[in-house]
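A short worksheet on the structure shown next.
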Amino acid sequence: MQHYLIQLECSKCGETYPHAKPHNVCLSCGKPLFARYALEQLFDSWKPEHLLSRPPSLWRYKELLPVCDEEHIVSLGETMTPLIHAKSLGEHFGLSELWIKDESRLPSGSFKTRGLAMAVSKAKELGITKLAIPSAGNAATALSVYAACAGIQAYIFMPKDTPAFNIDTCRLAGANVTLIDGLISDAGKIVAERKADEGWFDVSTLKEPYRVEGKKTMGFELAEQLGWKLPDVIIYPTGGGTGIVGMWKGFSELEKIGWIGKKRPRFISVQADGCAPIVKAWEAGKSSAETWQNAHTIASGLRVPQAIADFLILDTIQKSNGTAVSVTDDAIRDSMQLLPTKEGILTCPEGAATVASLEQLLSDGTITSSDQVVLFNTGGYQS
Ligand SMILES: *Cc1c(COP(=O)(O)O)cnc(C)c1O
């Protein structure tokens, strides 16, 4: 198979690394590495029409994905997720163009699947046999099922109060699960300390270059579903930030190959009141975020006190003319009821947080009734 991956490049200092070997972060500055592709070549040779005969899965965008040989793809059927016109919910809020990208349909029940399908496939291609992850929950479930499918060992570190669904599913899929007394950031420290001795490759959010490549396919699908036009606003529940950072990167690639124009959606990052480091940094006009103390929220995917990509998330919000807001757990609970009542879409607390943000965004004029707004329902309901 022909591939267009050229190299890895540091998102901060620009230092480059060959893609044929495993890399985590930039060795000079410790920041995330991005995959870079031969976009000029694709500009001439790859057109949206080429997609028409391909199956509806994220692998349809393989030219802009990092797996060099299709033989290494580890797949559980990563279906394109529907973009649903939420007419009743829109009417409730006075928005005629309210849409929901429903990521709950993916294998393992959340959008984390996109990133881990990519990271595990690439790990397989690179001959890696042991993967370790600190997780707030859904990433661990996604890694466990893809690692099982690939015949790779998964080592999971997550808070002991992670939702039972995540703990159970990791164990059911045969992963090595360690529950810790602390948060995802503490789990990350354990992985960092032990990985060299244990021979683990660390697939922490954005400390591994390929999960974000999977996440960017959310943006590709959205653009394709809207006829290669982007909406006015994307509202996204933000934890580690791969969703926002990935879509932003993906849109830039689509522009460079000539598939979309210059217009970008305003990115609105939603966090929970009990863990809102990005919102705090945004409101203070800072370009990086401080660690959030005593993080707590029912939205476990948003319980990320410190994100390595903080500067990239904040930069995306700023460049897109967006904003960051937080919502209470009570508002999240109310929205977990409102969304299914109005639209029949069952949701996780993180997805509900985007619905919960609408009232304040409309009342302060951040969004207006004529905007085309896309909410990301990042996962399904789990009891
Ligand atoms: C991890 C997670 C998030 C946060 O996503 P990022 O892209 O890491 O910011 C949101 N929703 C759910 C359901 C998650 O599992």
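Points to keep in mind about this one:
- Of everything listed in (1) assigned to a loop (DSSP other than H, G, I, E, B); (2) among the small types (Gly, Ala, Ser); (3) buried (at least 16 other Cβ atoms within 10 Å of the Cβ); (4) away from the ligand (no atom under 13 Å from the Cβ), the single unmet condition for SER335 is (1).
- Counting the residues of the stretch 338-356 that are part of a loop (DSSP other than H, G, I, E, B) and within 22 Å of the chain's Cα centre (by Cα) gives 4.
Rundown of residues vs (1) under 26 Å from THR368 (Cα atoms); (2) without any contact (Cβ under 8 Å) to a residue 60 or more places away in the chain; (3) surrounded by fewer than 22 Cβ atoms within 10 Å (Cβ to Cβ); (4) more than 14 Å from the ligand (Cβ to nearest atom), yes/no style:
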| position | (1), (2), (3), (4) |
| --- | --- |
| GLY214 | no, no, no, no |
| VAL233 | yes, no, no, yes |
| GLY241 | yes, no, no, no |
| LYS256 | no, no, yes, yes |
| GLY261 | yes, yes, yes, yes |
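- Selected residue (only one of ASP161, ASP168 is surrounded by fewer than 22 Cβ atoms within 10 Å (Cβ to Cβ) and part of a helix (DSSP H, G or I)): ASP168
- Whichever residue in the stretch 81-139 is in a helix (DSSP H, G or I) and polar (S, T, N, Q) and, among such residues, is farthest from the ligand (Cβ to nearest atom): SER88
- Residue match in the stretch 277-296 (condition: in contact with a Gly (Cβ under 7 Å, 6 or more places away or on another chain) and modelled with pLDDT of 95 or more): yes
- Qualifying residue in the stretch 183-200 (condition: of a type in the set (Phe, Trp, Tyr) and either surrounded by 24 or more Cβ atoms within 10 Å (Cβ to Cβ) or part of a helix (DSSP H, G or I) (or both)): no
The values are calculated or read from the model by the stated rules, or taken from the named source; none is laboratory data. These figures come from a predicted structure and were not determined experimentally. No Cβ is skipped: glycine too gets one built from the backbone with ideal geometry, and neighbour counts run over all protein chains shown.
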